[in-house]
1. Within the set of pairs 6+ apart or on separate chains, which have a first residue in the stretch A:299-324 that is within 14 Å of another protein chain (Cβ to nearest Cβ), a second that is β-branched (Val, Ile, Thr), and C-beta atoms under 7 Å apart?
2. Only one of these conditions is not met by B:Lys74: (1) away from every other protein chain (no Cβ under 12 Å); (2) surrounded by fewer than 24 Cβ atoms within 10 Å (Cβ to Cβ); (3) of a type outside the set (Phe, Trp, Tyr); (4) without any contact (Cβ under 8 Å) to a residue 60 or more places away in the chain. Which number is it?
3. When the stretch B:19-44 is examined, which residues are found to be modelled with pLDDT of 70 or more and touching a Pro at 6+ places or on another chain (Cβ under 7 Å)?
4. For B:Asn191, which of the numbered conditions (1) surrounded by 20 or more Cβ atoms within 10 Å (Cβ to Cβ); (2) modelled with pLDDT of 95 or more; (3) polar (S, T, N, Q) fails to hold?
5. Does any residue of the stretch B:128-136 turn out to be more than 12 Å from chain A (Cβ to nearest Cβ), under 17 Å from the mean Cα position of the chain (by Cα) and surrounded by fewer than 24 Cβ atoms within 10 Å (Cβ to Cβ)?
6. Going by the structure shown, is A:Asn542 more than 10 Å from chain B (Cβ to nearest Cβ), farther than 15 Å from A:Pro77 by Cα and assigned to a strand (DSSP E or B)?
7. Test of understanding: among B:Gly120, B:Gly81, which residue is assigned to a loop (DSSP other than H, G, I, E, B) and buried (at least 24 other Cβ atoms within 10 Å of the Cβ)?
8. Going by what's in this entry, would A:Ile151 be described as over 30 Å from A:Ile499 (Cα atoms) and either modelled with pLDDT of 95 or more or of a type in the set (Gly, Ala, Ser) (or both)?
Amino acid sequence: MKQFTIILLFFILSFCISKPAKAQSLSDTLRIGQVDVFGKRIINQQNTATTRTEIDTMVMKSMTVLSLSELLSGHTPIFIKSYGRGSMASASFRGTAPSHTAVHWNGIQLNSPMLGMVDFSLLPVGFFDEITLKHGSSSLDQGEGALGGSIEMRSSANWDNRISGQFTASAASFSTYDFWGKLNLGTSRFQSKTRAFWSQSENNFSFRNPLNADINPETGNYIHPTQKNENADWLNRGILQEMYFRINENQFLTARIWGQNTDRSIPTLATNESDSESLMNRQTDQSVRSVIQWDYYLNNLSVHANSGLNSTNLNYILKTRISGETNFQEYINSESQSNSWFNALDLKYRFSNQFLMELKNETNRHQVNTFEQRSLTGYDQIRIENLFMLKALYQISDFGLNGLIRNSWVDGKWHPLIPMLGLEYSGWKHQGFTVFARAARNFRLPTLNDLFYQPGGNPNLRPEKGLSFDLGSGFSKQFERSTFHLKANAFYSPINDWIVWLPTYYGGWEPQNVKKVISSGVELSSSLMGSVNQLKYNIQANYSLSNSINHGESLHWADESIGKQLPYIPRHSANTLISLQYERINLNYSWNYYSQRFTTTSNQTLNPLDELYAYFMNDVSLGREFRLGKNRLNADFRVFNLFNETYRTVLQRMMPRRNYSFTISYSF
Amino acid sequence: MRISIKTYPIVLLVLATFWSCMNDEEWAKRHQKLDQEPGRGLFVVCEGNFMFGNASLSFYNIDKKEVQNQIFSKVNGLPLGDVAHSITIYDTLAFVVINNSGKIYVINTLNYQYVGKITGLTSPRYIEIMNDRKAYVSDLYAQSITIVDPLGENFQKTRVAQGKITGRIDLKNKASKFSQHPSEQLIRVGNKLFTNCWSYDNQIMVIDTQTDTVIDSIAVGKQPASMVLDANDNLWVFCDGGYKNSPYGQEPASIYKISTQNHLAEKVLQLNESIGSNLQYAADLAINATRDTVYFVANGIRRFSIYNPLPELFLPANGEIFHSLTVDPITSEVYAANAIDYTQSGVVYRFSSQGIPIDTFRVGINPGAFAFRK
């Protein structure tokens, strides 16, 4: 497979470099705020035998005005299934379903209790200081149910800051305008961080539609229409206010509130030829998230308590104006409100430099209220959960042990214990090698929609249950003027009672526990940072092999889905980022690749719609920094889809060809 | 192999440019090969999956027992669209209604070539063709019947169908809190057109085809889903009864008989009584060649005589969940489809009128509607 050759080549090349470069890495140009040393020491120990990916803060900085879906698809092993530019984007981590990726923001979970998933197209990269992926069972210290893994977004204070900020404006193709601003004010005892963004787009890119054709009555030839991506506009606005209080040397209080409103149209499929004012989809997402957090440090004890709310309101309308009529007629008008209240108390005690224990309790309440005005259907349900975790980290000689056990009590019912045990060997650390193994159990409760949605909700669903085994290694080498990192991880995870929504004979859909899925694969990531003379470079590459195979029982003699890859999960994904900086000029080149994705459970290839062909995306940006005294002005020109490729991540959802953005950013 | 660090990024960059994506035309051409099959046959419309746009059309040669799948996309290099709902044969043309693409494709039944289309529809379900210049299209959302010129004024000259909308018959029930009346199947008897209002409804609407006005509505059970016309010009209507916890309410599935002359409706069967309380599902009506025996899906396939409507088991389920059903209008052979998990190729079974298996063949995803080519 020739695409695969590229990926392998990168890793081979990584080992073949003859002359390690001399100089500091690019990352030394980033201003990093003060970090609490005590907290960091514990966090480092907590990484024993875990698989994590920290997203490069330089990459995050270069994508401030973009969404998390664009960041994750281009720079991590996670597959983002995007329904179009600006449309809903869901994640598949290690070949699992979107609801198997947990998303945490400063202590609260952002997954909808109604749907179980997160729409990554709504999350602005510029609202987070750090993003960490926890692969597979590495996510268990944050919560259960993340069978694929979790994504954690965090922010922190810089206590040295007095006043600083950044304002960014961007104009891009298809009448897209983005504004983003950050203002940090504070003293050594109080810090305020305010961030806001505004993003709007007509998103009306043109495309020649190969999926529809008129017939020329004279010649009989097809005429494929050139059409606009109509009804695809968005307006997305948000504000985040964070306040950090240093009560004394041992106590910190943090309050955060994040409000966001997104109003967008959802374009129809490319084969649609209804009237232009037919089948118009409009979706409004409103959310308010707030967290208050108290951190206390005393000798070997640290206490973290937080309480947070996540309120979302989703309104979806499908409407049509029939020719000759003046008013639109609504066919669907659904309102879905969810309110989650999270409360957590986390105690960590360091018995010695080799032994640390953590005890955590979470009490959460989720309420979902949905109503569809045309069919008069909906539900109102509450879920109360109490989650317990006991975790121990133990270091003896060159061996590190990371063990935890979780238990949960949900709606009056105890669920099975979830143990996790990881062992890491660092005896070859001076040669740069570490190896680890990890095993865990996990399970995920059905979402409230799975249980109660009208029509189709199935209150008899069982939780999804899984085991997870990981084997990993890390290699680091510091050369005179460069640093090389390589991480390799293999995973194997059988999951029983996988929930799938299936059509029913009466025309609706209903969730069923139908599948046993074995998710297995390999994750490789490497980075090389250094410099040659005045040229600084940072090269990163990721590759992921994800086999998500249906091992369930055959439904029928003709069922060909057993032993096949789940629909819409690419087996191979890879990306590279090459960042070069020469004095104040920087060039970034990113490349990412997803292999073929099947659209059927049988992986049949009978027609072009049974599979989505593999695609490569190449983006390039050229930027220049200007110094204005202590302040900086950055200008950046970016080309997306450099080679003007035709590609899709979902059947019949058109994606734009080559497009551009120009961004100016002022920092002080 | 030793490569200088200076050339390393350049090598990667150059390599990346050599591999480009495939494009749609190249992709479609990979699948464009098909031998046309003369003779009598069965078109099978496969719905595909909602919002996937992967509907397809299959053709089964009845004499040779051979099936060709994806015939529309293979011959025409175009996808059929999103949710193909029904097919109507008119002379040598097939009208395939693509529900969630708002259009109806017109196809030559002999060579499967696309000869034109009717576009601009909202959520079309069925088409009933009066003549070359007039047809009716039912619609799930529009609460009206759309009147169309199915072929356009130049069809006889150009052989390219350029259908267009010419009018509407309003069906809207302003008094209901539900979106009534959606329209489904269209059955013409003389100058009357009957349509069943399925979703959150219980009416059969009657339209005068000379004046294009609604002249009557007939109440039946909840959610009339399927209709057939018998030899005596009576309509048989299957009502699915709605779903559990529906705000419109739920009642046992039933079958009604309606006189197309005086519009009187009579509940003939209540399925949980006539079949038993173990009835798990029921769907679809079909009628035999002499139009005196009605077949329907109910824990397998059952049938009854129009003169003595007591259902008998024609075919036990034996683990099959039949998704759709048709009966050959010449031989009375029965075809029943199973969609398996609804996301892979479905199966169609062919039985004699005595229930003896004749053939089994695979078609596209979600086989849901049928039409016979003479």
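1. Pairs found: A:Tyr316/A:Ile332; A:Ile317/A:Ile332; A:Leu318/A:Ile332; A:Thr320/B:Thr122; A:Ile322/B:Thr122; A:Ser323/B:Ile165.
2. Answer for B:Lys74: the failing condition is (1).
3. B:Val44
4. For B:Asn191, the exception is condition (1).
5. Checked the stretch B:128-136: at least one residue is more than 12 Å from chain A (Cβ to nearest Cβ), under 17 Å from the mean Cα position of the chain (by Cα) and surrounded by fewer than 24 Cβ atoms within 10 Å (Cβ to Cβ).
6. Spelling it out, it is not the case that A:Asn542 is more than 10 Å from chain B (Cβ to nearest Cβ), farther than 15 Å from A:Pro77 by Cα and assigned to a strand (DSSP E or B).
7. Result of the check over B:Gly120, B:Gly81: B:Gly81.
8. No, not satisfied.
The values are calculated or read from the model by the stated rules, or taken from the named source; none is laboratory data. Since we're looking at a predicted model, the values are computed, not measured. Note: ideal-geometry Cβ built from the backbone for every residue, glycine included; neighbour counts use all protein chains shown.
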